[in-house]
Amino acid sequence: MNGRNGRNGGYTPPRIKMNKKAFGFLAALVVVGGLLVYFSIFFPAVFTAIINFFWIMMLIVVAIFLVLGILVIAGLKNEVGSFLDVLLEGSLTLIDAFDFIKKLYERFLIVLKDFIYFITPVLAALVAFALYLAILVMYKGIGIENDVTVLTAVLTVAMVVAVAVLNRPVIETTTANWIQAVRKRFKDYFADFFEITIFIFFLTMDMTNLFFLPERLNVVLEASIGDFDLMLRAVNVTDQLTVTIYLVTIGIFLEIIRNITRVVAIAMAYYKDLPKGENKMLSIKQSIRLSFNDAKDDLVKFIAFTTTLILVFLIFPRLKLFAMVITSLAGLILDGIIPGRLKIKEGTDLISRTVNKVFNL
């Protein structure tokens, strides 16, 4: 069985209304299975008793077979034949039972697939959270005795690349089967949860009171560029204020370049599609207008989001502003590497959707 079949033979996700009885039965089976595994590990005597039960059943079957053979040798062939007739009728009843069990099993597979499809967002969230813990423990562990400036830059680039890959433009296709439907659902939710993971990581990477980490990892980090201390708060106006000014200026300037580059890329795409007339300047102006209209909402979102982010990061150490600069630089490089990234007319990532909702854009 491949799950529910749509009109095109593909997997059709189940309706929102779940079969509570079936899912309850499935959950009960999972609990029972888990208890059996638990008993087999911590109470081997129970597991041994189950094995002995099946072994005794096998011995009984063999004993019956030998008794029937002795009866035939003793001349009670007709009696044995009658007994076998009874067994045959019972076997035919068992065939009907097996057919029922087969249908029940097929239905169980459908319910199981629907159940896994529904809990895919939970699985994606768990994977993202586990990834957050792994990155944070690694980061804190290295930061116990080392400067984390270079490590912060490397992790930032890696995360930006990961988000770019997860949100890269793809052609929407119909899911052909259950596996593809679950994979797509997991990827979509994981992309959102991973962005949340990155945001939480940058908020908590320098905290020294994280209750879920061992005490030895809750240490004060060291980060510097030359003589400039990145662990000073960005709002500190009495010590190395120029560092904050440099980081904010460079970060905003890189984002402005990214947005201008995007407008130019979309304008070039429009220019290729416009009918070529004698006056090329009019075509260029028209393509720029069309591109700007497409990018205007994103420009407004960029201004609102960047301003809010900088205002928030000013409360924290300058290391976060440094990470923001690295993020902008990595994004600018990826814009030139990943085909089609610059030509996306509307962002579909979690940040874009959140900014739209918060600022009513």
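The values are calculated or read from the model by the stated rules, or taken from the named source; none is laboratory data. Fair warning: this is a prediction, and the values are worked out from it, not measured in the lab. We place every Cβ from the backbone using ideal geometry, glycine too, and count neighbours over all the protein chains shown. The accessibility values were calculated without ligands, DNA or RNA, using every heavy atom of the protein model including side chains. Shrake-Rupley method; radii C 1.70, N 1.55, O 1.52, S 1.80 Å.
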- request: Rank-order 307-314, 114-121 by packing density, defined as the average count of other C-beta atoms within 10 Å over each peptide's residues, highest first.
  value: 114-121, 307-314
statement: Taking the reciprocal of mean 1/r across every pair of different Cα atoms in the range 162-274, the Kirkwood radius in Å is 19.1
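Send over the Kirkwood Rh of the range 102-229, from the inverse of the averaged 1/r over different Cα pairs, rounded to one decimal Å.
Details: mean 1/r = 0.0576 Å⁻¹.
Across the range 102-229, the inverse of the average 1/r is 17.4 Å.
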task: Give, in whole angstrom and from largest to smallest, the semi-axes √(5λ) of the equivalent ellipsoid of the range 99-166, with λ running over the eigenvalues of the Cα gyration tensor.
output: 44, 13, 7
- line: Among the Cα-Cα pairs of the range 39-79, the proportion with separation greater than 12 Å, in percent, is 67
- prompt: According to a simple spin-label model (label point 7 Å from Cα along Cα-to-Cβ), what is the distance in nm between Leu29 and Val219?
  reply: 5.0
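Heavy atoms only, probe 1.4 angstrom, no DNA, RNA or ligands counted: give me Tyr139, Tyr189 ranked by accessible area, highest first. Please report the intermediate quantities before stating the final value.
Numbers: Tyr139 0, Tyr189 90 Å².
The most accessible residue leads, giving Tyr189, Tyr139.
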- request: Return the tail of the calculated pair distribution for the range 233-336, meaning the percent of Cα-Cα pairs more than 17 Å apart.
  value: 60
